[in-house]
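The values are calculated or read from the model by the stated rules, or taken from the named source; none is laboratory data. For clarity, every value in this text was computed on a predicted model and none was experimentally measured. Positions of Cβ are generated from backbone atoms using ideal geometry, with glycine treated the same way; all protein chains shown enter the neighbour counts.
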Amino acid sequence: MRVKRLRWRCRRGTTELDRLLVRHLDLLLARGSETDLDCFERLLGEEDRELQRWLLGYQVCDVPEFEAMIRAIGTVDRA
């Protein structure tokens, strides 16, 4: 049930952002880390505008908890 909810929350209304988030969710699920999933779930609670700025590199994230995950999402997309 949690996976369905997370997958739904990855839908942000823009193809680029949706793709980034779903791809990273799939990676986290493959790893099986509950800690990372918890952090990702909190990240999904942020406003769309903030997420887009952080993930696309337009703005530096000022939330220490999310910094590593945002870097990881960006790295996966460029791989």
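Of the numbered conditions (1) of a type in the set (Asp, Glu); (2) over 11 Å from the mean Cα position of the chain (by Cα); (3) under 18 Å from Met1 (Cα atoms), Glu47 fails exactly one; give the number of that condition.
So the condition that Glu47 fails would be (3).
Check off (1) modelled with pLDDT of 95 or more; (2) assigned to a helix (DSSP H, G or I) for Arg49 and give me the number that stays unchecked.
(1)
Where the second residue is modelled with pLDDT of 90 or more and among the acidic types (Asp, Glu) and the first is more than 17 Å from Arg19 (Cβ to Cβ) and lies in region 49-60, which pairs have Cβ atoms under 9 Å and are six or more apart or on separate chains?
Close Cβ pairs satisfying both conditions: Gln59/Glu50; Val60/Glu67.
What's the total number of residues in region 46-57 that are buried (at least 16 other Cβ atoms within 10 Å of the Cβ) and over 18 Å from Ala68 (Cβ atoms)?
1
What is the residue count in region 8-27 for residues that are in a helix (DSSP H, G or I) and within 23 Å of Arg49 (Cβ to Cβ)?
Number satisfying all stated conditions: 13.
Taking region 1-45 as the region of interest, how many residues are more than 12 Å from Ile73 (Cβ to Cβ) and surrounded by 14 or more Cβ atoms within 10 Å (Cβ to Cβ)?
7
Here is a yes/no grid of residues against (1) outside any loop (DSSP other than H, G, I, E, B); (2) closer than 13 Å to Cys10 by Cα; (3) acidic (Asp, Glu):
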site: Asp38; (1), (2), (3): yes, no, yes
site: Glu41; (1), (2), (3): yes, yes, yes
site: Gly45; (1), (2), (3): no, yes, no
site: Arg53; (1), (2), (3): yes, no, no
site: Tyr58; (1), (2), (3): no, no, no
site: Asp62; (1), (2), (3): no, no, yes
site: Phe66; (1), (2), (3): yes, no, no
site: Ala72; (1), (2), (3): yes, no, no
